[in-house]
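Down below is the structure, laid out as structure tokens.
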């Protein structure tokens, strides 16, 4: 069964969390994958990139089990 756009949107919101948002002019955000702990740098109109450590491995954070709130989860 094919998933609806609403179902896919819910899955994205449940899986990803904006952990840091800001930046001087670009509204840059750090997005964390709740399933893997991998962190991404999100830049509007540019894309999403994995943040890596000094060894080139994905930067991980502790996995959070429960979403904080609907507002905190949205990356859009």
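The values are calculated or read from the model by the stated rules, or taken from the named source; none is laboratory data. Nothing here was measured: the structure is a model prediction, and the numbers come from that model. Here the Cβ is made from the backbone with ideal geometry for all residues, glycine too, and neighbour counts use every protein chain on show.
I'd like the residue in segment 49-76 that is modelled with pLDDT of 65 or more and not in a loop (DSSP other than H, G, I, E, B) and, out of all such residues, is farthest from residue 15 (Cα to Cα). Looking at the filtered set, the residue picked out is 52.
Counting only residues that are out of contact with any strand residue (DSSP E or B) (no Cβ under 7 Å at 6 or more places or on another chain), without any contact (Cβ under 8 Å) to a residue 24 or more places away in the chain and part of a helix (DSSP H, G or I), which one in segment 2-48 is nearest to residue 58 (Cα to Cα)? Step by step, filter segment 2-48, then rank; the result is 11.
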